[in-house]
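Engineer: Supplied in structure tokens, the structure appears directly below.
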Amino acid sequence: MEKKIAVLVGSLRKEAFSRKIANELIRLAPKTLKMEMVEIGNLPLYNEDLDVNSPKEWMNFRETIKNSDGVLFVSPEYNRTIPGGLKNAIDVGSRPPGKSVWKGKPAAVATTSPGAQGGFGSNHNIRQAVVFLDVPMMQQPEAYISKVHELFMADGKTVNDKTENFLKDYMLAFEKWINHF
Ligand code: FNR
């Protein structure tokens, strides 16, 4: 059966390596996964006061996640942790109390960095946040995509063969994970 997967990218810049990797994960995903990029850059900053009458962007986002069968986070690391925009999206989806859209939603996280550590801190801080939200997060394979700027072919979009194989295997594991639920 086809499963709808929301793809959330932690960087808001147009030429983001994390977005390029997310695009490649979408391209390489097994056919049973219907991958949809969900934009988070337009979400007003979470403020409990506004939840009396939630902004429409929050409502649309919550609805989109609610209607998904799974979530794929692809993110860089900012100051050794989660970029603020992505943390905001996680917070928006988690409220109001008792109405979190994350609960039970299977997920996976891939982090990227031009540096050597592949966004390890960001990866594990995303994992930390979703433990509280009762998101079953795929444990293996882990994806810390280091030296990300060196992984692309001359077109600047397509990854090299070795990376493609890794991303393909990652998505096959993700498909299996999603189908547990
Ligand atoms: C960074 N960068 C960075 N890289 C890293 O490996 N660990 C880190 O803690 C940080 N911290 C950090 C903070 C801020 C505010 C910025 C803007 C950048 C560098 C970062 O990995 C690099 O700019 C990436 O290219 C950003 O990801 P995208 O936009 O290419 O996906």
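Engineer: Nearest 5 is fine: what % of DSSP beta bridges in segment 3-178 come out antiparallel, could you say?
Structural biologist: Roughly 10 percent of the beta bridges in segment 3-178 run antiparallel, per DSSP.
Engineer: Follow-up. For Thr163, Thr32, Thr64, which order do you get if you count the other beta carbons within 10 Å of each Cβ and list the fewest first?
Structural biologist: In increasing order of surrounding Cβ atoms, one gets Thr32, Thr64, Thr163.
Engineer: Turning to a different aspect of this structure: For every other residue with a beta carbon closer than 11 angstrom to the beta carbon of Phe174, add +1 if it is Lys or Arg and -1 if Asp or Glu, then tell me the sum.
Structural biologist: Computed value for this residue: +1.
Engineer: Can you put His124, His180, His149 in order of Cβ neighbours within 10 angstrom, beginning with the fewest?
Structural biologist: In order of increasing Cβ crowding within 10 Å: His180, His149, His124.
Engineer: Here is a further query. Please state the charge dipole magnitude for the chain, taken about the Cα centre, from unit charges on C-beta atoms (+1 on K and R, -1 on D and E), reported in debye and rounded to the nearest 20.
Structural biologist: Here the size comes out at about 160 debye.
Engineer: Ranking Lys87, Lys20, Lys99, Lys162 by Cβ neighbours within 10 Å, fewest first, what do you get?
Structural biologist: The most exposed by this proxy come first: Lys162, Lys99, Lys87, Lys20.
Engineer: Oh, and also: Using only helices, what value at 222 nm comes out for the chain when you add -39,500 (n - 2.57) per DSSP H run of length 4 or more and divide by the total residues, to the nearest 500 deg cm²/dmol?
Structural biologist: -11000 deg cm²/dmol
Engineer: In the structure shown, do any of Lys66/Lys176; Lys4/Lys66; Lys31/Lys99 have a Cα-Cα gap over 22 Å, and if so which?
Structural biologist: Cα-Cα > 22 Å for Lys31/Lys99; rest within.
Engineer: In a GNM of the chain with a 10 Å cut-off on Cα contacts, which of Lys103, Lys14, Lys34 has the highest mean-square fluctuation?
Structural biologist: Most flexible of the set in this elastic network: Lys14.
Engineer: Given the options Asn123, Asn88, Asn79, state which has the largest fluctuation in a GNM of the chain using a 10 Å cut-off (strictly under) for Cα springs.
Structural biologist: Highest fluctuation among the options: Asn79.
Engineer: Additional query: Go through segment 30-35 residue by residue and turn each phi into a ³J(HN,Hα) via Karplus (6.51, -1.76, 1.60, θ = phi - 60°); whole Hz please, and just put x for glycine and proline.
Structural biologist: Result, ordered by residue: x, 4, 6, 9, 8, 8 Hz.
Readers should treat all values here as calculations from the given coordinates under stated rules, not as data from a laboratory. The structure presented is a predicted model; accordingly, all values stated were derived computationally and were not measured. Ideal geometry is used to build each Cβ from the backbone, glycine not excepted, and the neighbour counts take in all protein chains shown.
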